Amino acid sequence: MNNSGTHLTAEFHRQRDHFSLHANIHVPTEGVCAIFGHSGAGKTTLLRCIAGLEPNISGRLKIGEIVYQNETTFIPAHQRCFGYVFQEPSLFPHLSVAGNLQFSLQLAQKRARDVAPIAISMKAVIETLKLADLLPQYPHQLSGGQQQRVAIARALLSQPTLLLLDEPLANLDIKSRHEILPFLASLHRDFLVPILYISHSPEEVQRLADFMVLMENGTVLAQGAINDILTHAELPLIHQDDAGAVLHGTVMQHDHHYSLTELAVPGGTLSVSMAASTSSIHATPDLQPGSNVRVRILARDVSIALDNYVGSSINNRLTAQIIALREDPDPAQLIVQLELGGGVILARITRRSADRLKLVAGQSVIAQIKSVALS
């Protein structure tokens, strides 16, 4: 399925008890779009509207040239061909994993008969989500993370034109979340299905999203490319403890002597542990030279130097220019926006350090990166 150049346009308004939804979004149907915000922001309500699960609501939904809802049209949920994964897996308890998957595929085959061939195969889904060993088991025999992988597989086998994931990791423990994140990161790449992903976890969004819709109190604060939103000076994300940026890089070479992988990124090169990079094999293709990767850099892991002084244990240094210095809710700290020549990152430093170094907007500096994560 090729969605290049198409967009999802949605506008919904709803008043319910003490909550009002007034959301208007226009997002590309390529990659993963995260709908991000704190609990109660209206994320799930918006997703349910898009899915057609809120019939008594005024609004519009159009994907490409297909109108799903407007003043005169309402296509019901079961005819929208969207895959929906809830926080709870909701698997059929009386069917094995294989039975759950086969049920979804058979429904898709029945719906698509004489219309279109099945594009997503059982074999491909089982391989991507590593389900082969789970096929004979029943839902009660699976861990929470395994159940969610099966739920995602079942949604994919429904042959969706859009995959809706409603905080699929919210009820999992930290270990299970980290196990399933690489599988989520591979979905769009492997199946070319556009994804709307609800989350209130900055880590999940930084690892998965290409585009972001930021919501608060039922309204959309901002929408745009992931790094534009993460590093925007007027948005609250830059002040969170785990504020950070996402850069796109390319694998250059592997240094087997020091077990490091060298990446080309805006502003220079970064070295990451080969052990750390290969552990994220599902999220970062094969990591052969020329492979494209996503690099997550947290603001707290960036310090600033005035020159490329080498007498330090910090190996990763990028040439940068200060865009602006921003006040932080912590009066002892500042947020520094840094332009790398094709990418923006953040640094969280003390006001004392900024004064001592006499940092000003437009100044050329060295961004020292203490920690790098591939996603």
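The values are calculated or read from the model by the stated rules, or taken from the named source; none is laboratory data. The structure presented is a predicted model; accordingly, all values stated were derived computationally and were not measured. Using ideal geometry, Cβ is built from the backbone for each residue, glycine included, and neighbour counts are taken over all protein chains shown. When the accessible area is computed, the model is the full protein with side chains, heavy atoms only, and any ligands, DNA or RNA have been set aside. Shrake-Rupley method; radii C 1.70, N 1.55, O 1.52, S 1.80 Å.
Brief remarks on what is shown
- Any hit, region 300-318, residues being over 30 Å from Leu8 (Cβ atoms), open to solvent by less than 10 Å² (accessible area, probe 1.4 Å) and modelled with pLDDT of 90 or more: yes
- Subset tally (residues that are assigned to a loop (DSSP other than H, G, I, E, B) and closer than 25 Å to Gln87 by Cβ) for region 1-11: 0
- Residues located in region 319-354, provided they are touching a Gly at 6+ places or on another chain (Cβ under 8 Å), surrounded by fewer than 18 Cβ atoms within 10 Å (Cβ to Cβ) and on the phi < 0 side of the Ramachandran plot: Thr319, Gln321
- The residues of region 12-57 that are surrounded by 18 or more Cβ atoms within 10 Å (Cβ to Cβ), assigned to a strand (DSSP E or B) and either at positive phi or not hydrophobic (A, V, I, L, M, F, W, C) (or both) amount to a single one, Arg14.
- Only listed residue being under 28 Å from Arg177 (Cβ atoms), open to solvent by less than 40 Å² (accessible area, probe 1.4 Å) and in a loop (DSSP other than H, G, I, E, B), chosen from Leu91, Leu101, Leu105: Leu91
- Here Asp286 passes the criteria (1) exposed (fewer than 14 other Cβ atoms within 10 Å of the Cβ); (2) under 28 Å from Ala34 (Cα atoms); (3) modelled with pLDDT of 90 or more except the one numbered (3).
- The set of residues from region 209-237 being at pLDDT below 95 and touching a Lys or Arg at 6+ places or on another chain (Cβ under 7 Å) comprises just one member, Ala233.
- Picking from residues in region 60-75 that are touching a residue at least 24 places away in the same chain (Cβ under 8 Å), under 18 Å from Leu46 (Cβ atoms) and of a type outside the set (D, E, K, R), the one that is most open to solvent (accessible area, probe 1.4 Å) is Ile63.
- When region 243-268 is filtered for residues that are open to solvent by less than 20 Å² (accessible area, probe 1.4 Å) and either of a type in the set (Val, Ile, Thr) or in a strand (DSSP E or B) (or both), the ones remaining, listed by number, are Gly244, Ala245, Val246, Leu247, Gly249, Val251, Thr261, Leu263, Val265.
- Scanning region 200-220 for residues that are touching a Pro at 6+ places or on another chain (Cβ under 9 Å) and either among the hydrophobic types (A, V, I, L, M, F, W, C) or under 30 Å from Asp17 (Cα atoms) (or both) gives Phe211, Leu214, Glu216.
- Test: residue in region 228-242 that is touching a residue at least 12 places away in the same chain (Cβ under 8 Å), farther than 19 Å from Asp328 by Cβ and surrounded by 21 or more Cβ atoms within 10 Å (Cβ to Cβ): no
- Pairs where the first residue, in region 295-313, is over 17 Å from Gln337 (Cα atoms) and the second is outside any loop (DSSP other than H, G, I, E, B) and open to solvent by 30 Å² or more (accessible area, probe 1.4 Å), C-beta under 7 Å, 6+ apart: Asn308/Arg317
- Only listed residue being among the charged types (D, E, K, R), out of contact with any strand residue (DSSP E or B) (no Cβ under 9 Å at 6 or more places or on another chain) and open to solvent by less than 40 Å² (accessible area, probe 1.4 Å), chosen from Arg177, Arg149: Arg149
- Each residue in region 76-88 was checked for being open to solvent by 50 Å² or more (accessible area, probe 1.4 Å) and either in a loop (DSSP other than H, G, I, E, B) or basic (Lys, Arg) (or both), and 3 pass.
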